Structure formats: C-alpha cells, structure tokens
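Worksheet for the structure shown next.
The values are calculated or read from the model by the stated rules, or taken from the named source; none is laboratory data. All of these numbers come straight from a predicted model, not from anything done at the bench. Cβ: placed from backbone, ideal geometry, glycine included. Neighbour counts: every protein chain shown.
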C-alpha cells in the first residue's frame, strides 16, 4: 500500500479487515497501535490513523508472490519457506559453505561473494573484516579486528550470511519495499533476532555456544517465542506466577519471560513440562519441543519451496447470519474469491492471452492447470463477541467432500462455476453442518480446497487410473496383511501372479506383517497449511512449525488430526472426520 502511495509512508496506517486491524505500519505502532486491535481502540490510541480496506488481499498476495520468487531464486538448495504474506525463511548453508572455501583470508577487505557455481561473474564484492548490519552478541570489535575469530568456522559462516542478507535486502528495497532480517543458526533464533532492529535493518545473532544462546532467549516474553502458542503460555504463566491467569487468545503479551520459566526451581527437566502440558489429546513429544525452544534449540528444517500451495482457503467473519439468502450471498462471494485465487496460484499460461481472456481466467483454453485440488471443505462457527471470553475457534465445525470436475472447466465463466459450486456442493454441506431451519447465528464461513496434487492432465479431471492403482498398491504394502494360503478362485495365471507378488512382498518385508490399527483423535487447526491470509502471524508459525517435513512425498498430513496418510486416501479420511462431527 505504501509502495503504491508513497505519501502514506509518513502517516500512521492500518489495514482493516472487518472490525479489526489485520496489520499496521511502524508509524502507527509507535502510537501504541498493534495488529489485531479493534478499530475503535486503534482510533482511540491514534486519532489520525489512516485506515485502508484490506478485505481484498489480492494486491498483498501478488507482491508477496513476486518477492518470494526473487528470494527463492537465490536459494541453491531450493529451501525457501513462506510464513504468512511477508516472511520467508531461507536456508543458505550451501551457498555460504561454498563461498567460505573461496575466501582469501589475506585480503578479506576485498572479498567477492559468488552467487553461482557456474558463472563467477554473478556475485558482489564485500568487506569480510566486519559484519553487515547490526550484531547481537558478546564478541568485541577488537577481537574481530585482531583476527581471533577468523578461525572459527561458525563465526565466519554468520559473517558471510550477514553480507548475503544485506545483498538480498537491497534487491528487495530496489523494488520499493522495506525489509528486516535475522541471521542465525536455526529458524527460531533467526526470527527472534530479526525483530531486534525493525523495520529496516538486519541483525546477526553472534551466539556461538549454549552459554550465549540461553541469555538471549531468557530476555524474551514467553509468548514471543515462535512455536509456543497461547495455550502453552497460559499453562506455564499460571504455574510460574502460582495463580490462574486470564487467558487472552488474541494477545501476544505475557508477564513471564523465558528465563523465568527456564530457571524455575520446579522446572528442571522435560518430564516436569510433560506433567504440566501433557494429558488427553496432547501432542506427543510436546514437552520436549517446548524444553528445546526455551533453550533456543530448533531442529526443524526450512521446507523446500513449493510451486503450488498444499491447500487454499478463503474465509470471512460476520456478526450473526441467520437468513438463507444472506448465507448464499456471502458463500458466493467467498467462492468467487477462492476461484480467483486458484486461477492465480494453480493456472499457468501456455500462450499469450487476449485482453478478453485475461479478464476471465476460466474462459481461456490456453491456460493449463499446474495442479488440481481433489477435496473441498466448508467450515462454519457461530458468532461470539469478545466480551463472551470464548476462543476464536469455539464450536467450529467442518465437512468435506470431493471437488467436482466442472471447477476445472474452460467452457464456463468464473461466475457460473461459483454459482454451480455453491448450489450443488457448499449449500448441502452447510445444511448438514447446521441442520436447524434457521437461527444459525453464523459468525464465520471458510471455504477451502485441499488435497492438491499435480501436474494433472485435462484440467485435472482425468488421471491415469492404472498409475493410481499401482501407486496405491506400493503405498499400502506396509499396512497390508497377506494370507499365506493361496487363493484358488481365479484362473491359473491369476493365481501364479498373485503368489509371485506375495513372495516379493514377503522377501522385502522379511515375512508376513500384521495389520496396524491407528486411532485417530479429534482436534487440530481447521485452517490447515494455507496461511497466506495472515500477515506473518505467530499463529501461522505455530501451524507451520509443527509439520514434520521428513515425511515422504506420497503421504500427506491431515489438517484435522495431524496424522500422515497416503495422499489418495485423504478424501476418505476427511469424510471419516465429517462423520465423527456428525455423530
């Protein structure tokens, strides 16, 4: 917004979504305004606040996508992870290691950073005798000047990383946008240290050992630590202060620091945290993860960049919808917005388009689907006011079904597709979620397409059924028990092939395996992986941070219960959840 209207840069500016500020600039924050503040409170704190409508996030998404592509192009490993609209993690280990080997320690002031293994002309000059930007740490400038740290590999990696960050920030600022950056050895430390000198600077955390990392962590409020959400904060804050604390789901404030929790005499091991945070339905290994985060340890890798999102969702909030006409109208608006988003993220141009075709992406046969969603999910919840004290997701419920193939049609306009999808799919799901004839008091509607896979042929409506079953057989192999007694109900050829397949499986698995029964618990975040609606929120981090990136490509994590399942089985699994909610 400031990029389009430079005159706004000097004014306190807030982006409005419904009755709250989705985000605000730093001029407004210096006046005491923060994101998620109600409009009335924001105006009270800053009477001259300029409020801009942010219901349509398309301009923000477009800029986010362009800047993400720029950053991703400098990642040799392809590990570029988005967090919300305005944050990206880059793993630059390989490019920094490469340049560390090329560094001439006899001429550090005239160093050169190579950005390509094959083209030495792609790069930039820099002075390796100092860090670029700010430094948070204990090492003195005198020690660095005397070269006492030049033999420390970690020190030099951080130094080179600071210069690469400075170069990338300059590239982004040439596009007209301000940036801040944190440089460290893991994601949690990088995010925290990047907050030190916002909005237009960078900071390197020069913590080379645990005795330096822990003091850095101790100074932060508990809720400020990415990965420690409001529920965990509430439990630990109440325990440390020895009194029940009023829980505020929307606040990032916390009166207890990491140091107070980490050094508390009654919290000396992960087992103590397990007693506090454990219980029915709690995440396995949660206490160990929180213990590690309190000590600045984060072993989650930066996720590889994806050409397409794992799912796409659009939602809106209301002050109690009760009429069928209102429900249909709002659902149509959300669905139309979702289709526009799908066209931007999942379609590519094979040939140049005419102006008429560009106005309606669905009408052009020249556009090819990069990937196609298989499932559509509708989520609703009742309206609640802030003074009721209920959490944001109170009474939130969802139902899923297969996404109809007409959504990928090139013969229908976007408006026709949206109306057909609402009438034939979403309204029936809505009435199953809300069986009462009226008086629903709907406070939120979310429409999400998920189970996205690709590339697909013919608009994603048709796939090779033979390939699907061959892949299904491979994926299900470890979950299947095979009878040692051959079946004689078919032809001799069929019996022979069946016996051969059985022997191959037994050889691979070392014998016949028993069937595993997996108990699926109810719960989880209904929002899923698509967090682009958030402006770099810590809720987006909490959802992102919990994902296990070591799973193989032929499995997918259920957004409701967190279990990993074969991707082709996800639609049936989501229907299983729907039946649970129905019961």
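Results, tabulated for the structure shown:
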item: Index of the failed condition, residue 271 passing every other in (1) within 21 Å of the chain's Cα centre (by Cα); (2) surrounded by fewer than 17 Cβ atoms within 10 Å (Cβ to Cβ); result: (1)
item: Test: residue in the stretch 232-243 that is in contact (Cβ under 8 Å) with a residue 60 or more places away in the chain and in contact with a helix residue (DSSP H, G or I) (Cβ under 9 Å, 6 or more places away or on another chain); result: no
item: Single unsatisfied condition, residue 44 versus (1) surrounded by 15 or more Cβ atoms within 10 Å (Cβ to Cβ); (2) closer than 30 Å to residue 319 by Cβ; result: (1)
item: Within the stretch 10-119, helices (runs of 4 or more DSSP H) holding 3 or more residues that are closer than 27 Å to residue 174 by Cβ; result: 26-29, 58-72, 93-102
item: Some residue of the stretch 150-169 being surrounded by fewer than 19 Cβ atoms within 10 Å (Cβ to Cβ), at pLDDT below 95 and more than 28 Å from residue 220 (Cβ to Cβ); result: yes
item: Test for residue 306: is it under 23 Å from residue 373 (Cβ atoms) and assigned to a loop (DSSP other than H, G, I, E, B); result: yes
item: Strands (runs of 3 or more DSSP E) completely within the stretch 333-393 that count 3 or more residues being crowded, with 19+ Cβ neighbours inside 10 Å and either modelled with pLDDT of 85 or more or within 26 Å of the chain's Cα centre (by Cα) (or both); result: 375-382
item: Subset of the stretch 213-234 (residues that are crowded, with 17+ Cβ neighbours inside 10 Å and part of a helix (DSSP H, G or I)); result: 213, 214, 216, 217, 218, 222, 223, 224, 230, 232, 233, 234
item: Of all residues making up the stretch 411-437, the number that are outside any helix (DSSP H, G or I) and crowded, with 16+ Cβ neighbours inside 10 Å; result: 2
item: Residue among 271, 255, 282, 251 that alone is assigned to a helix (DSSP H, G or I) and either modelled with pLDDT under 90 or closer than 22 Å to residue 83 by Cα (or both); result: 271
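Okay, residues lined up against (1) touching a residue at least 40 places away in the same chain (Cβ under 8 Å); (2) touching a strand residue (DSSP E or B) at 6+ places or on another chain (Cβ under 6 Å); (3) outside the structural domain of residue 161 (by TED's automatic domain parsing); (4) on the phi < 0 side of the Ramachandran plot:
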position: 23; (1), (2), (3), (4): yes, yes, yes, yes
position: 29; (1), (2), (3), (4): no, no, yes, yes
position: 41; (1), (2), (3), (4): no, no, yes, yes
position: 79; (1), (2), (3), (4): yes, no, no, yes
